[in-house]
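**Q** Attaching a single structure in structure tokens format; questions to follow.
The values are calculated or read from the model by the stated rules, or taken from the named source; none is laboratory data. Keep in mind that this is a model prediction, so the values were computed, not measured. Cβ atoms come from the backbone with ideal geometry, glycine included; neighbour counts cover every protein chain shown. For the accessible areas, the whole protein counts, side chains as well, though only heavy atoms, and no ligand, DNA or RNA atoms are used. Shrake-Rupley method; radii C 1.70, N 1.55, O 1.52, S 1.80 Å.
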Amino acid sequence: MKRKPITEALKDGRILIADGAWGTALQARGLKGGECPELWNIEHPEKVLEIARSYIDAGSQLIETNTFGGNRYKLEHYGLEEKVSELNRKGAEISRIAAGEENWVIASIGPTGKMTVMGDVSEEDFYRVFKEQSMALAAGGADAVIVETMSAVDEAVAAVKAARENTSLEIICSFTFEPTVQGEFRTMMGVNPAEAARAAVNAGADIVGANCGKGYEGMTQIIEEIRSVLPEIPVIVQANAGLPELVDGISVFPATPEEMAGKNKPWIEAGVNIIGGCCGTTDKHIQAIRKAVEG
Ligand SMILES: [Zn+2]
């Protein structure tokens, strides 16, 4: 069955399953520290396709693309700024092959690493950089973009607007929140879930939510806060596999697939519409989540 727009498909109240982490999956296939992950879209496309396929096989209905750091500012670090269009288009094409006709490609757009508060970039710079990236993702056959792991509202808003005004893709916008000592949630830039989500929707986002951050325990509260101001907008959550533990200097995410899948019920009660995973999650986690949600 050919897919409808994601927002249409969610209207009958079903929960859709997204994918898990890409970075660790690339490392497991040989990506070295200091190597540009997006370059693999042209140098090792078969390995990138293998990751995309592993998530489809595990039951993901929406899969991302290997383009999280595919903006011009990030690619400049590797001297690859002339390849922005090629790397992003290729990333979308690879995930499209794995997704086929019935599943969705939600193309990843991560932060630039720059901040307007530091005075090194303007909102216009953000817009220009995200316009370039989102147009290439659209050209590669993505269904949507997912602006993710955001902490600054102005950067997220620029990315959402750039995709809204220059492509016909659906737009998901996801922020990363950390708990404060008072037990509230804020992005690194001090924005709460309700404010962040409202700003994204005002800029043109169709779906909003949270990814990454401190494990999965706080996600219920974040969903409730978003729901309290935006009762009608679909919400996506992609949590990390628990709190990272440092083992031999490497972050290890301890939550097993079963453990994570067991955490979804309160999210569903709070009104989540799309569930996936972030750091430390694998195709096994996605498989367990899909099974739990369908049960
Ligand atoms: Zn993460």
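**Q** Can you tell me which residue is modelled with the lowest pLDDT among those in the stretch 1-35 that are closer than 17 Å to Ile268 by Cβ and open to solvent by less than 70 Å² (accessible area, probe 1.4 Å)?
**A** Gly13
**Q** If you go through the stretch 127-152 one residue at a time, how many are within 16 Å of the ligand (Cβ to nearest atom) and closer than 17 Å to Ser95 by Cα?
**A** The total comes to 2.
**Q** Report yes if some residue within the stretch 211-223 is under 26 Å from Glu155 (Cβ atoms), away from the ligand (no atom under 16 Å from the Cβ) and among the aliphatic types (A, V, I, L, M); otherwise report no.
**A** yes
Yes/no matrix, rows are residues, columns are (1) under 17 Å from the mean Cα position of the chain (by Cα); (2) surrounded by fewer than 24 Cβ atoms within 10 Å (Cβ to Cβ):
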residue	(1), (2)
Ile56	yes, yes
Gly69	yes, yes
Glu86	no, yes
Ser108	yes, no
Lys114	no, yes
Val121	no, yes
Glu124	no, yes
Leu137	yes, no
Ala142	yes, no
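**Q** Taking Ser54 and the conditions (1) within 16 Å of the ligand (Cβ to nearest atom); (2) in contact (Cβ under 8 Å) with a residue 40 or more places away in the chain, which numbered condition does it fall short on, given that it satisfies the others?
**A** Unmet for Ser54, out of (1) within 16 Å of the ligand (Cβ to nearest atom); (2) in contact (Cβ under 8 Å) with a residue 40 or more places away in the chain: (1).
**Q** I've got another one for you. Please tell me if Val272 is of a type in the set (A, V, I, L, M), within 15 Å of the ligand (Cβ to nearest atom) and closer than 21 Å to Thr149 by Cβ.
**A** No.
**Q** Only one of (1) open to solvent by less than 10 Å² (accessible area, probe 1.4 Å); (2) modelled with pLDDT under 90 is not met by Ala200, so which one is it?
**A** Only one criterion is unmet by Ala200, namely (2).
**Q** Something else: Among the residues of the stretch 276-292, write down those that are at pLDDT 95 or above and among the hydrophobic types (A, V, I, L, M, F, W, C).
**A** Cys278, Ile286, Ala288, Ile289, Ala292
**Q** Quick check on the stretch 157-197: of everything there that is within 16 Å of the ligand (Cβ to nearest atom) and under 13 Å from the mean Cα position of the chain (by Cα), which residue is nearest to Gly213 (Cα to Cα)?
**A** Thr176
**Q** Go through (1) within 20 Å of the chain's Cα centre (by Cα); (2) outside any loop (DSSP other than H, G, I, E, B) and name the single condition Ser228 misses.
**A** For Ser228, the exception is condition (1).
**Q** If only one of Glu38, Glu46 is under 15 Å from Glu93 (Cβ atoms) and either more than 20 Å from the chain's Cα centre (by Cα) or surrounded by fewer than 17 Cβ atoms within 10 Å (Cβ to Cβ) (or both), which one is it?
**A** On inspection, the qualifying residue turns out to be Glu46.
**Q** Quick one: Gln287 ticks every box in (1) within 16 Å of the ligand (Cβ to nearest atom); (2) surrounded by fewer than 23 Cβ atoms within 10 Å (Cβ to Cβ) bar one, so which box is it?
**A** Evaluating Gln287 over (1) within 16 Å of the ligand (Cβ to nearest atom); (2) surrounded by fewer than 23 Cβ atoms within 10 Å (Cβ to Cβ) leaves (1) as the failure.
**Q** Looking at Ile226, is it within 16 Å of the ligand (Cβ to nearest atom), of a type in the set (A, V, I, L, M, F, W, C) and within 25 Å of Asp154 (Cβ to Cβ)?
**A** Criteria not met by Ile226.
**Q** Considering only the stretch 234-252, state which residues are touching a strand residue (DSSP E or B) at 6+ places or on another chain (Cβ under 6 Å) and buried (at least 18 other Cβ atoms within 10 Å of the Cβ).
**A** Pro234, Val235, Ile236, Val237, Gln238
**Q** Scan (1) within 12 Å of the ligand (Cβ to nearest atom); (2) farther than 21 Å from Gly271 by Cβ; (3) surrounded by 21 or more Cβ atoms within 10 Å (Cβ to Cβ) for the single condition Ala255 breaks and write down its number.
**A** (1)
**Q** Failed condition for Ala292, given (1) more than 16 Å from the ligand (Cβ to nearest atom); (2) of a type outside the set (D, E, K, R); (3) open to solvent by less than 10 Å² (accessible area, probe 1.4 Å), with all others met?
**A** (3)
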